[in-house]
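Trainee: Here's a structure for you.
What follows is calculated from the coordinates using simple rules that are stated; it is not laboratory data. Keep in mind that this is a model prediction, so the values were computed, not measured. Methodologically, a virtual Cβ is constructed for each residue, glycine included, from the backbone with ideal geometry; neighbour enumeration extends over all protein chains shown.
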Amino acid sequence: MNINNLPITIENGAGEKLTFLRVYLKDGQEYVEVENEVQPGAGPPMHVHYEQDECMTVVKGKIGYQELGNEKKYAEAGATILFKAGIPHKFWNAGDSVLLCKGYATPVYNLVYFLSELFKSTQANGKRPGIFDAAFLLNRYKSEFGMLEIPPFVQKRIFPIILLIGKIKGRYKKFKDAPFPLQLQKQ
């Protein structure tokens, strides 16, 4: 996924559509500008961006959101929500019409690639990413992203077995051009 080929729109088949509009520099930091549409009841599970801040402004609809361990909150058009790097969170469409938000994530790193591949897998596998894809993506980019709704035991004990089986079966050839994980980029 080349971030120079923006804008691109991805859909996960589970009610989320995300458009990466452009990448820009501000104060020496790379940002990706995004727009998302979320169908009623849809939204990502509890997750964390270890490196990226994620900010969204509600343009239309009602958003529900929650940081891990905190109460659920709700906001409507005009509200801006900022999820700081390292803070586990989730959001969802809490209304009965399409939720439209605009915002950004910074720094970009592997965000566009990771989400594009995750959405592609989710769409192909019926509302959840395929197990081989999830194991590969969450292992390769574990320095940037985490999915808290997948039990730690599964991620630490089962995913390595799935990765091995996937490698033997040639399941990861489609990721041959995947960008390097963040820990290798920073060296």
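Trainee: Could you work out Rg/(2.2 N^0.38 Å) for the chain, with Rg from alpha carbons only?
Mentor: The chain yields a ratio of 1.02.
Trainee: Under the rule of at least 5 residues apart or a separate chain, name every residue whose amide H is placed under 5 Å from the amide H of residue 87.
Mentor: 49
Trainee: Still on this model: Got a sec? Charge dipole of the stretch 3-106, +1 on Cβ for Lys and Arg, -1 for Asp and Glu; which of 83, 97, 5 is way out at the positive end?
Mentor: After comparing all options, I get 97.
Trainee: Restricting to DSSP H runs of at least four residues, report the calculated mean residue ellipticity at 222 nm for the chain, -39500 (n - 2.57) per run over all residues, nearest 500 deg cm²/dmol.
Mentor: My calculation for the chain gives -6000 deg cm²/dmol from helical runs alone.
Trainee: Continuing with the same structure: Rank 61, 152, 112 by how far each Cα sits towards the positive end of the charge dipole of the chain (+1 on Lys, Arg Cβ; -1 on Asp, Glu Cβ) and give me just the farthest.
Mentor: 152
Trainee: Under a point-charge model restricted to the Cβ atoms of Lys and Arg (+1) and Asp and Glu (-1), what is the dipole moment magnitude of the chain relative to its Cα centre, in debye to the nearest 20?
Mentor: 840 debye
Trainee: Quick one: which of 17/173; 62/90; 62/127; 60/127 span more than 19 angstrom between C-alpha atoms?
Mentor: 17/173; 62/127; 60/127, as the Cα separations exceed 19 Å there.
Trainee: Another one. Treating the beta-carbon of each Lys and Arg as +1 and of each Asp and Glu as -1, no other charges, what is the dipole magnitude of the stretch 3-106 about its Cα centre, to the nearest 20 debye?
Mentor: So the magnitude is around 180 debye.
Trainee: Let me ask something else about it. Can you list the HN-Hα couplings for the stretch 105-116, worked out from phi with the Karplus curve (6.51, -1.76, 1.60; θ = phi - 60°), rounded to whole Hz and with x for Gly and Pro?
Mentor: Karplus values, whole Hz, x for Gly and Pro: 9, 8, x, 6, 6, 9, 4, 5, 5, 4, 5, 4.
Trainee: Out of the GluC sites (Glu not before Pro) in the stretch 33-113, which ones are loop residues according to DSSP with at most 10 other C-beta atoms within 10 Å?
Mentor: 71
Trainee: Could you calculate the contour length gain from residue 77 to residue 164, that is, 0.36 nm times the residue separation minus the distance between their Cα atoms, to one decimal place in nm?
Mentor: Fully extending the segment from residue 77 to residue 164 adds 26.7 nm.
Trainee: If you plug each phi of the stretch 34-46 into the Karplus form 6.51 cos²θ - 1.76 cosθ + 1.60 with θ = phi - 60°, what whole-Hz ³J(HN,Hα) values come out, in order, with x for Gly and Pro?
Mentor: 10, 9, 10, 10, 10, 6, x, x, 8, x, x, x, 4
Trainee: Per-residue HN-Hα couplings for the stretch 70-80, Karplus 6.51 cos²θ - 1.76 cosθ + 1.60 at θ = phi - 60°, whole Hz, x for Gly and Pro?
Mentor: Computed from phi, the couplings for the stretch 70-80 are 10, 6, 5, 10, 9, 8, 10, 3, x, 7, 10 Hz.
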